[in-house]
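K.L.:
Here it is, the structure, as structure tokens.
Every read-out reported here was derived from the displayed coordinates using simple, explicitly stated rules and does not represent laboratory data. Because the structure is a prediction, the values reported are computed rather than measured. Don't worry about glycine lacking a Cβ; one is built from the backbone with ideal geometry, like all the others, and counts go over all protein chains shown.
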């Protein structure tokens, strides 16, 4: 089995599209899972962002310097794609603030009123939405992708101290939002 580095060389030097297909297959599932967590389990959006990430990676593959793992470089692209999406969304929301405000209230009500089969996993996803994009991303990479804090620093292009702060503050918010689970009882007001 060829390493990521060998596959990259085949793509860049020989234009081998099969080698890139192998890279996609190797990393697609984990990347899509990460993006699903970042998007609040919006599978269609995560799949779109994943596709955009791989397209950008393919187009920039010749510039990959192999100073870090391919997966770190790929997650950096995915993080930038996600942040770009959030910025575009925010710009759209700013233009249509009144409409979005009504939609958010409706969405929040339907999310909590249909909680008959709720589990900790879903509540964690809801609580993650209370975090800033940077906190959510840092915690996801640290807890779920098991990236080192140095790798997170490279992926997010922020200083190591900032990564530590994002992780610690994000954990505090999650502990507060999920306090009902720690006490063994569920309280909608705690999560919402």
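K.L.:
Order these by the 10 Å Cβ neighbour count, fewest first: 58, 79.
P.N.:
In order of increasing Cβ crowding within 10 Å: 58, 79.
K.L.:
Using a 10 Å cut-off around each Cβ, can you sort 137, 71, 50, 84 from fewest to most neighbouring Cβ atoms?
P.N.:
Fewest-to-most Cβ neighbours within 10 Å comes out as 84, 71, 50, 137.
K.L.:
For residue 21 and residue 149, calculate 0.36 nm times their separation in residues minus their Cα-Cα distance, and state this gained length in nm to one decimal.
P.N.:
43.1 nm
K.L.:
If you take the beta carbon distance between residue 124 and residue 47 as r and set R0 to 25 Å, what does 1/(1 + (r/R0)^6) give as a FRET efficiency, to the nearest 0.05?
P.N.:
0.75
K.L.:
Rank these for me by crowding, 8, 152, going from fewest to most other beta carbons within 10 Å.
P.N.:
8, 152
K.L.:
Kindly state, as a whole number, the per residue volume in cubic angstrom of the convex hull around the alpha carbon atoms of segment 46-86.
P.N.:
So the per-residue Cα hull volume is 60 Å³.
K.L.:
So, one more: Provide the convex hull volume over Cα atoms per residue for segment 1-95, in Å³.
P.N.:
Dividing the Cα hull volume of segment 1-95 by its residues yields 99 Å³.
K.L.:
Between residue 172 and residue 5, with labels modelled 7 Å along Cα→Cβ, what's the label distance in nm to one decimal, could you check?
P.N.:
Between residue 172 and residue 5, the label points sit 4.1 nm apart.
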